Each structure stands twice: as structure tokens, then as C-alpha cells.
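Encoded as C-alpha cells, the structure appears first; notes follow it.
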Amino acid sequence: MDILKGKAISGGIAFGKLYYYKRTQLTLKRHHIEDTDGEIARYHEAKARAVNSLKALYEKALHEAGEHEAAIFEAHQMMLEDLDYEDSVVDIIKKERVNAEFAVGQTADRFAEMFAAMENEYLRGRATDVRDVSEKLISTLLSHADSNLIDSDEPVIVVADDLMPSETVQMDKEKLLGFALLQGSTNSHTAILARTMSIPAVIHLDGQIDESCNGKEAIVDGFSGAVYLEPDAATVEQMKKLRDQHARHLEMLNQLKGKENITKDGQSVRVYANIGHVPDLEYVLENDASGIGLFRSEFLYLDSTDYPTEEEQFSAYKAVLEAMEGKLVIIRTLDIGADKQVDYFELPKEENPAMGFRAIRICLQRPEVFKTQLRALFRASAFGKLGIMFPMIISVEEVQQIKKVVEEVKAGLKAEQVAFAEDVELGIMIETPAAAIISDDLAKEVDFFSIGTNDLTQYTLAVDRQNQELENFYDPHHKAILRLIKRVVENGHKYGTWVGICGELGADPTLTETFLSMGVDELSVSPSKVLEVRAKVREADVGKVKDDILKLIEG
């Protein structure tokens, strides 16, 4: 038995034979073209066929993985129809007098390199999408037909260098047991698809497995990141027990749907969900979240090639509020900048963007952008229970300035006789040490605080969380962080402001009792973590541990 070590990206245990998948290599040859107009027409015809093919993939993904994961193929259609992408292809055909396949390949390389160089992991992952959609277009130009990609009579574990989202969806799910990938990314759409469809998957196996493994028996452990080649009887038995244990755990969590988030000694806490896109609602509802504690509105900007209009934003916010049927939905105003760069914002190049021109600083200096978003938000408030949250706050003056803009927007809507709710809660993110330290003053200005533990940790510890070299120094459990959180909760409650946590620490089961002991009112986590947090809350007996926990923090 050989034990390979990779990185787990989708939980579960898969048993079966390995199938080594090799995609057809597209050979791009440069040809001189005399009739460039004819070649451009050929490109447009192929693009139309590729878009139709992507529509079919969307329908297949919608059926097998749900609306959220199917949305990637709508995004791929938008990439093909993107004017910058099209202009690049057409420009290369005209100026270099080359064939469309070569022009698409050149454009794909340029766009993919641009995305791959970005700091933000989400945007870096879009490099794969550009290559995927470009390969589909090139295949169409070369008249290569799509086909099922698993040539096997029995279900298998697919081994591949990496997989494009379109390849993952095209695979016959009846024949797919798991993935063992040489490369890959935790946040790639393939990884997300695997998690959504509950397919055990491990990545980063490069150098440990190759085509010679084809047909061998194996086990993929999507929890630990291990792949067992030709496992012995003891390992098979051990993995079967782990699989059965996981199935029992999932069943236990499902039984918590509809139950209260209340501890053994009667303390309640709201467990909300964090989302970034409207289709994420599917998972919020599926996991029975009590509300939405963070809707990251910046993805409306990141997924667009120009500023989203008031109507586009209104439509998205309205859809979320209506779907939640009166449960609180907290929408964060745009948090662009730092690791979330958008070309059309034309932000200045900065040495230290994490502490630069970002989030509320952009909004206050570009009021036309800010007011467009606020108008859309307040209009949507007529369709549900809305809270608006402002990021990257460091002073009372900023909050007062924000409230002044809010009143101007509300006055404008009233003058136009546009309906909106009068009871919209206004809150701020506590993610800078400055905000935490003056939280007593800030609490007098707002209805709620939401503690963004990711940024609060990096700013307090002076550790760039994007820098892998500093991983050992990035300690969210640091006593300084816990003391700041405790201070914020105490100050908030002193002035009638409720306090939530929306960073990754909210889902950390080792800190659930700590947060409950501090009196945190709300924990907002990814939808998939809602039931796990609920289970942890219901197991807790805060009265028995509160004094010891608080002494440990202050001691």
C-alpha cells in the first residue's frame, strides 16, 4: 500500500479504481489570413455555437449541482461576450492577419496571466475560467465535439492534472466516485462543484501519482487529504468506519433544522450565514440559517465590467430580502480595494493597499458611487428586513458623515415618493484596533456592531494574512484579539448596541463557548457551517465555564 499526501478540498470517503483522465491537447497553429473579415465572421459564428454549448452546460449543472454552481456557466457566457475579450481577438486577427484559433489563444494567455497575477485568491482563480472558456471556443473553431469524459464501464476515482469546471460538469455523475488531482486550488470552481455535489476530492498530488496508476484500487480520504493506493484490508476497514461515522454526523446535523440556537442553560444566540452572491441563498435556506449576517455586496462589482447600476443592485438586494421572508439580512456596502481590485474603479497603485484607499474611504470620497448603492439598498428595504453595514471604520466622524449621506438619500427617495422601510438598522464592522478601542463612542452612533475577525487579527498583530510566509504568526486566538472582542461586546451592550461576529472565528468550534461567555449576540458563518455551530451552541453549558473562560482571557 502507498499513502499519498495532498490537500483535502471536499469531504467524504471514496472507494474504487483510479481512472487517469488526459484532456485532448489542442494544437494551435498560426496561419496567415488574407480575408480578415471572413475570419472575424467565422469567429463570431463559433462564439455563438460556444455560447449555446455553455447554455446546455448551465442546464446540466443546474440539475446536478443547483443554481449557485450553475452560475459559473452564465459567467462563462459573459466572458465570451465581454467586449474587451472580443476586441482583443478581433484586433489580433486584423492587425496580425492570423487565424481565429490563434487569436483566441493569444487573448486567453493575456487575460489569464492578468488574473493569475492578482493578489486576491478569488480573482486569481478566474484565470482557470478564462482558459476553460477559451478552450471551449477554440474546440468549437476546430470542430471538436464535446463528449462524456469518463471512458469506463464502472464508477471510478478520476485522476487528472487539474479539471476545468466544464469538464467536471460534463463527467457522468453515475460513474464518478471522487477526484485525485495533481494540481488544483481550494477556491476553484471545480473544488466548489465537488463540495456541492458531495464528491470526495484531494488536490496537490503532483509528483506522487501518474498515468501508471490507471486501474489500481484506491481510497480517497477527503477529510485528511490522503489517497491510499492498493489499500490493505485494515485500511479499508478503517476507512469504512470513518465513512459511516460521517454519514451519522450529517444525519445528526440534519435533525437540528428547525431547532433553536440555545445552550443547555438557556442562553440564546442568533446563527446567521455569510454570502457573496444571490444564488448562495439556496444554501442559506437549505441549512436553516436564522438570517444573513453578511452579504458581501462587492461581488456585484467584482463580477461586472462596469459600475453596477442602481437597478441591477436593487434587483439583487430585493431578491435576497424577499427570499429570506422577513428574517434579518445585513448587506455590507462595497468593500473594494486591498485584495479586491476592480479595473474600472481605477484605484491608485499603493505600496500597502490593505491599509490604503479601500471600502468606506472610497465611498466617502466618491459619493456618487456610494449614493447609488444606498438608493438601491433603501429601495430594496421595502421588501424585507434590512440592516446596512459599513466596513473599515476608524472614527466617530466617519460614522457621522455616513449617517449624513444616508439622510440625504432617504430625503431624495421621499421627494420622489419611492417607498422604503423606516426601520433599517445601521451598523459598522469592527475590524480595526481603532474601532475596537473607541467602541464605546461608536456604540452611541449605530444599531449594531459586526466584528470582522480576519482583518482585526491582521491589523492588531501586524501580520499580512495574504502572506504565506507569515502563517505561523497569524494567530486569531491571540489574547489581544480575544480581549478586543470582549471589550467591543461590553461597550456595545452598555449603549444598547447588539454585537455579532462575521469573520472566520465565528465558525471556530473551539471558541463558541468563549463567545457565548462574552455575551456575543450573533455568529455569522458560511452556510455549510450553520448547523455545526448550532450543534456546538446546543451542547454548551455557559454558566459552568463562563467565569473560568473570562479569567483566562484577562489573566
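The values are calculated or read from the model by the stated rules, or taken from the named source; none is laboratory data. Keep in mind the model is a prediction, meaning the values are calculated, not measured. Positions of Cβ are generated from backbone atoms using ideal geometry, with glycine treated the same way; all protein chains shown enter the neighbour counts. Side chains are part of the model used for accessible areas, which takes the heavy atoms of the whole protein and leaves out ligands, DNA and RNA. Shrake-Rupley method; radii C 1.70, N 1.55, O 1.52, S 1.80 Å.
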- Query: Looking at this structure, is I157 in contact with a Gly (Cβ under 6 Å, 6 or more places away or on another chain), closer than 27 Å to Q341 by Cβ and hydrophobic (A, V, I, L, M, F, W, C)?
  - Reply: no
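I'd like the full set of residues that are touching a Lys or Arg at 6+ places or on another chain (Cβ under 6 Å) and among the small types (G, A, S), limited to segment 73-107. Show your work before the answer.
Restricting attention to segment 73-107, the residues satisfying the condition of being touching a Lys or Arg at 6+ places or on another chain (Cβ under 6 Å) are 80, 98, 100, 102.
Passing the criteria: only A100.
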- Residues in segment 330-356 that are outside any helix (DSSP H, G or I) and within 15 Å of Y301 (Cβ to Cβ): how many? 14
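Is it the case that some residue within segment 220-237 is of a type in the set (D, E) and in contact with a Gly (Cβ under 6 Å, 6 or more places away or on another chain)? So that I can check it myself, show each step before the final result.
Taking segment 220-237 and keeping what is of a type in the set (D, E), we get 221, 230, 232, 237.
Next, only the ones that are in contact with a Gly (Cβ under 6 Å, 6 or more places away or on another chain) stay: none.
Looking for residues that are of a type in the set (D, E) and in contact with a Gly (Cβ under 6 Å, 6 or more places away or on another chain), one finds none in segment 220-237, hence no.
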- Task: Go over the candidates A41, A46 one by one and state the one that is crowded, with 21+ Cβ neighbours inside 10 Å and assigned to a helix (DSSP H, G or I).
- Result: A46
- Message: If the requirement is being assigned to a helix (DSSP H, G or I) and closer than 19 Å to D172 by Cα, which of these qualifies: A61, A71, A75?
- Response: A61
- Item | E368 vs. criteria surrounded by fewer than 23 Cβ atoms within 10 Å (Cβ to Cβ) and either touching a Phe, Trp or Tyr at 6+ places or on another chain (Cβ under 8 Å) or aliphatic (A, V, I, L, M) (or both) | no
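Please specify each residue of segment 179-211 satisfying the condition of being polar (S, T, N, Q), in a loop (DSSP other than H, G, I, E, B), in contact (Cβ under 8 Å) with a residue 60 or more places away in the chain and surrounded by fewer than 24 Cβ atoms within 10 Å (Cβ to Cβ). It would help to see each step written out before you state the result.
Step one: filter segment 179-211 for residues polar (S, T, N, Q), giving 183, 185-188, 190, 196, 198, 208.
Narrowing the set further to residues that are in a loop (DSSP other than H, G, I, E, B) leaves 183, 185-188, 198, 208.
Going one step further and asking which of them are in contact (Cβ under 8 Å) with a residue 60 or more places away in the chain, we end up with 185-188, 198, 208.
Result: S185, T186, N187, S198, Q208.
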- Within segment 398-509, which helices (runs of 4 or more DSSP H) (wholly inside it) include 3 or more residues that are open to solvent by 70 Å² or more (accessible area, probe 1.4 Å), among the charged types (D, E, K, R) and closer than 30 Å to T263 by Cα? 479-494
- Task: List every residue pair whose Cβ atoms lie under 8 Å apart, where the two residues are 6 or more positions apart in sequence or sit on different chains, the first residue falls within segment 526-545 and is farther than 13 Å from H249 by Cα and of a type in the set (A, V, I, L, M, F, W, C), and the second residue, located anywhere, is assigned to a helix (DSSP H, G or I) and open to solvent by 40 Å² or more (accessible area, probe 1.4 Å).
- Result: A540/E513; V542/E513; V545/E513
- Task: Could you tell me whether any residue of segment 517-533 is assigned to a helix (DSSP H, G or I), open to solvent by less than 20 Å² (accessible area, probe 1.4 Å), of a type in the set (S, T, N, Q) and modelled with pLDDT of 95 or more?
- Result: yes
